[in-house]
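Structure record follows, encoded as C-alpha cells.
The values are calculated or read from the model by the stated rules, or taken from the named source; none is laboratory data. Not measured: the values here are computed from a predicted model. Counting neighbours? That spans all protein chains shown, and the Cβs are built from the backbone with ideal geometry, glycine included. Remember, those area values only see protein heavy atoms, side chains included, never the ligands or the DNA or RNA. Shrake-Rupley method; radii C 1.70, N 1.55, O 1.52, S 1.80 Å.
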Amino acid sequence: MSTVDNLNNSNESSVSLREVGADDPIREQIRQVATAVREQTPLAQSFTNFVTINLVANAQLAAGGTAAMSFLPNDITSLAEQCGATYINVGTLLPFYRDALQEISEHLSRHQCQWVLDPVAAGIGVARTEILKGFKDYPPTIVRSNASEALALHDMWDLAEEDSSEEHQGPAGVESVDSVDQAIGAAKDIANYLAQHSPTHTAAVAVSGAVDLVTDGKRVFRLPGGSAMMTKITGAGCSLGGVTATYLAVADPLVAALSASMLYNVASQIAQRHSHGPGSFQVEFLDALWNVTPEEIAAAPLLLA
Amino acid sequence: MSTVDNLNNSNESSVSLREVGADDPIREQIRQVATAVREQTPLAQSFTNFVTINLVANAQLAAGGTAAMSFLPNDITSLAEQCGATYINVGTLLPFYRDALQEISEHLSRHQCQWVLDPVAAGIGVARTEILKGFKDYPPTIVRSNASEALALHDMWDLAEEDSSEEHQGPAGVESVDSVDQAIGAAKDIANYLAQHSPTHTAAVAVSGAVDLVTDGKRVFRLPGGSAMMTKITGAGCSLGGVTATYLAVADPLVAALSASMLYNVASQIAQRHSHGPGSFQVEFLDALWNVTPEEIAAAPLLLA
Amino acid sequence: MSTVDNLNNSNESSVSLREVGADDPIREQIRQVATAVREQTPLAQSFTNFVTINLVANAQLAAGGTAAMSFLPNDITSLAEQCGATYINVGTLLPFYRDALQEISEHLSRHQCQWVLDPVAAGIGVARTEILKGFKDYPPTIVRSNASEALALHDMWDLAEEDSSEEHQGPAGVESVDSVDQAIGAAKDIANYLAQHSPTHTAAVAVSGAVDLVTDGKRVFRLPGGSAMMTKITGAGCSLGGVTATYLAVADPLVAALSASMLYNVASQIAQRHSHGPGSFQVEFLDALWNVTPEEIAAAPLLLA
C-alpha cells in the first residue's frame, strides 16, 4: 500500500503526482455513480473464463449489479441492448471462441453497445492473439488489464509511435512482469484509440498493479491502496473487469473505471484487516464489496499526474 | 420473509392458504426423506452451467448426497442407472449441447431415469429455446425454476388452455420479472404434463421466489421463509435444482421438491442471521445445509392453497 | 484419522509400518522443498475440470505457487517450458479434448516437461478411457488419484502381472469404492512404469484415502492424518493434484508428492478444528494452506512399509 510520498519517492514512479481534493467534482461523480449502481441494480452480461466466472458473478452482485453469463453469440446479442454493458474476458479459450467473439464484438460495435475487455494473458497462444487483434476493428469501451497485458495489446494493435522507447519483457503466464509505470504510454495510446471508436467519443483504460492506473487518454489517475492479498486469490482482476462493466452500465467510461477500481481498493483493504489467509480474505472481500458505502468509495486515495 | 398473514394480505397473493399441521403425514414423509439422504448419501449426476457448477456440487455434498458432473452424453448415460437422479441445467450453453442434451433426455426417458430440469434463462437465445422445446418429447420428472422461466416453458410447450388469460413480461436476463403467483397456473399445467409422461405417473414443479411454490399438479404448496440474500449470491436456484435431484434419488417428486426447498429456506434463514454480506452468507449457507436436522426441515413453514 | 497402531491393527492394512524418524533425510528434503515453493512462487499450468478449476487455482496460490489454466493445446505448449510442471485432470471432458490431450501429452513428453495426471472417474465413459489409454504412450511424471482410479488406470495400461490376484469393484461415480490398500500393487506398478519413461528416471504415484499412499515404485509411504471433511467439499483431490504440480516444479517426483499430501493432511486437520461445516471448512483450509510452515509440513505423520 503506497502513499503519495512513497509513490513519488519510489523507483517505480518519477512523475509528479497530486492528491485529488475532497471537493474535486470527480469525487462527487464517483459517489453518485456508486449510489446509482445500488439503486438501479444494473444488468451487465459476461463472456468470461471458467476459472473465475463464479467470482465475477458474485462480485457483480455484491457490488450492487445483476449478472448473466453466456458463451453463445446469439445469447449475448439477444441481451446486449437490455444490458447496460457487456464484459469479455479471454482467459480460458475454447476452439469456437474465435468466430464467436468476432461475431459478438462486431454486433456490439454496430449497435453502439458499451463493453469492457480483459485481455487476460495477452501474448500467450496464437488463438488469443488472433482474437485480441480482431478486436482492433470492433474495440471495447474500456480495457482492464495488468501492465504486461496492456503492453502486449498495444503491440498487437500497432499503436506505438515510431519514436517509442518503451520496452517490456513480454508475458510470463497470467501475472504481470512489467510495472504499471512502464505501461503509462501504452494505456494512454489504447484509451485514445478506444475513444476515437467509441459511440460517445469517450473511453478508459485501467491497469491494475500495486498502484493502479486509470486514464481516459488525457488525464492519468493513479490509485494507491488495495491489498497485496488480491494477488493470492484467483480472479481479483477478472472480477474487477466484471464490476467495471456493472459501473459502465450507469456511468461514463472514466468514472466507471475509477469507481470500480476505488471500490476494489477500499474493499480489499477492509478484507485484509479482517482475514487470516486467502480463504477468509475472499469471503471478507465479497462482504466488503456489499457493505462499502458510496461515500467511502468516493473518498478512496486518488492521485492525478 | 413472509408469514401466513402477510402472504394472504399481500398484493401478490389472493388465494386462501392454510398452514400444513405438524401432524400432517407430508411432514413425516419429509422428515424420513431428509433422514434417508443423510444415511444413503445418494449419487445424483449433473449437466449444469459453468457459473455455479462448483456450488451445485458443494451444496449436494453439504445436503448429504454425492455429486458427479459431466457434459458428454456417454458419461451421463453410463452413470444414469447408478444415479438416483440426474440434474440438467441449461445456463451456459456450448454449441454441441443441443445434440448432447437431446441424446441424454431421450436416454433418460427410455430408461425411466428420473431427472430434474432447471430451465435457466428460458426465452433467451435460439439455442436454449430449441433445447427446451426438445425436452417436451422427453420430459423431466421435476422442473425447478423462477416464475418467468416457468411461464416461458409453459409457452414453449404449448400447454396453455385456450381461455388462459395469463400474461407475463418475458425474460429479462436470468432474474425473474414475474411473481410466483403469476406462475401458479403454468406450474400446475407443467406438473400435470410431466406426470402424464413420468414412469411413476408423478411429477412436481418448484417455482422459487419470495414465497416458493411447489405443486404436483393437484395440490399447490407455498413455502414462505428463506432469505433475500439468496438473490445476492449466484447459484442459489441452480444449486437448489441439484439438491432437488439428490432428494429425488430417495423420494417421490413432490416430497423431493418440498424437502429440498424447505431445507433451502431453513438453511438460508440461519445463514442470514450469522453473516455480514454475500461472502459470509454463502459460507454459512453451506454450513447450515450440513447442520440442519431432518426435524428442522420437516418443521419449516409450509402452506397449502 | 488413523494412528500407526490403528492402521496396523485395522482390517484395511496388514503390512508392517514404521514411523519415519524426525531426523530422516526425507523430512529435511520435504522442509526444503516447502520453503522453496514459498520463495520461488513457481508457475504450474493446468488443464483441469470445470467443477473445481477455481479451487485448484486458489489452492496453488495459497500453497505458494502461481497458476495458469487453459484448454487449448497451443496455449499449454507455449507455456510448458516456462512452467515448472503441468497438471492434467480429466474430470469434465468436452468433445475436443481427445485430440487436444493427445497433442499436449505428446508435446510434454517430447520436451521432457514434467506433468501430473489426475485420472478422475477413470473407467467411466468411452471418451475418458480413450484419453487415459492414450497417455500410456506419453505418460505423466506423477499420478494422483483415489484407489479405484489407480486400479482402473492399472487395468487400462495393462500393467498387471499375469499372476496378479488383485480385484476391484470398478468405478462408482467419482468416489472410490476400493480401499487404498487394495491399490498398493497397482500404485507401485504404475510408478515403475512412469519412472521408465521419465526424463529423470524417477516418478511417483499418490493414492488419496483415509490413509494416503505415496510410492516411487520402490518405497511405499503411508500418510495418516487429514480430515474426513475433505470428502464433503468438491475438489479436495483435484486441488491436491494441482498443488502436487506446484511442488513438482521445484522438487523430484517422490518428494513433491509427499510434500503436497503432507501439506494437505496438516491443513485439513487445522481446518476441521476451526470450522462448523463444509462451507467454513473450505475457507479455513485455504487459510491453513497459506499459514502452515515448512517445518509443520515436514513433521506430518509419515510411515514407511
Highest-fluctuation residue, A:Asp212, A:Asp189, A:Asp158 considered, GNM on chain A with Cα pairs under 10 Å:
A:Asp158
From the residues B:Pro301, C:Asn192, B:Val243, which one has its Cα farthest along the dipole of the protein assembly as shown in the positive direction, the dipole being from +1 and -1 charges on Cβ of Lys/Arg and Asp/Glu about the Cα centre?
B:Pro301
Determine the equivalent ellipsoid of the protein assembly as shown by diagonalising the alpha-carbon gyration tensor, then write out the semi-axes as square roots of 5 times the eigenvalues, largest first, rounded to whole Å.
39, 39, 25
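Based on the Cβ-Cβ distance from A:Glu106 to C:Arg98, what FRET efficiency comes out when R0 is 45 Å, to the nearest 0.05?
Working: r = 32 Å, r/R0 = 0.71.
For A:Glu106 and C:Arg98, the calculated efficiency is 0.90.
So if I place +1 on the C-beta of Lys and Arg and -1 on the C-beta of Asp and Glu, and nothing else carries charge, what would the dipole magnitude of the range A:192-304 be about its Cα centre? I want it in debye, nearest 20.
Charge dipole, the range A:192-304, about its Cα centre: 280 debye, nearest 20.
Looking only at Cα atoms, what is the convex hull volume of the range B:146-305 per residue, in Å³?
108
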Which percent, to the nearest 5, of DSSP beta bridges fully inside the protein assembly as shown are antiparallel?
40
Per residue of A:36-44, count partner chain C-beta atoms within 10 Å of its C-beta, then hand back the mean as an integer.
1
Within the accessible area of chain B, what % is carbon and sulfur when the probe is 1.4 Å and the other protein chains stay in place?
47
Computed from the mean reciprocal separation of all distinct C-alpha pairs, what Kirkwood hydrodynamic radius does the range A:211-290 have, in Å?
12.9
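Please report, to one decimal in angstroms, the Kirkwood hydrodynamic radius of chain B built from all distinct Cα-Cα pairs.
It is 18.8 Å.
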Using only the alpha-carbon atoms, what does the range C:257-302 span along each of its principal axes? Please give whole angstrom values in decreasing order.
27, 17, 16
Whether the range C:31-112 is rounded, prolate or oblate, judged on the alpha carbon gyration tensor where a/c under 1.5 counts as rounded
oblate
About the Cα centre of the range B:4-304, what is the dipole size in debye to 20, counting +1 per Lys and Arg Cβ and -1 per Asp and Glu Cβ, all else neutral?
620
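With +1 assigned to the C-beta of every Lys and Arg and -1 to the C-beta of every Asp and Glu, and no other charges, what is the dipole magnitude of the protein assembly as shown about the Cα centre in debye, to the nearest 20? It would help to have the intermediate numbers written out before the result.
Working: 48 positive and 102 negative charges, 169 e Å.
It comes to approximately 820 debye.
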Mean Kyte-Doolittle of at least -0.5 plus a Cα span of 24 Å or more along the axis: flag which DSSP H helices in chain A meet both, please.
A:253-274
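Average the reciprocal distances over every distinct pair of alpha-carbons in the range A:40-189, invert the result, and give the Kirkwood radius in Å.
15.9
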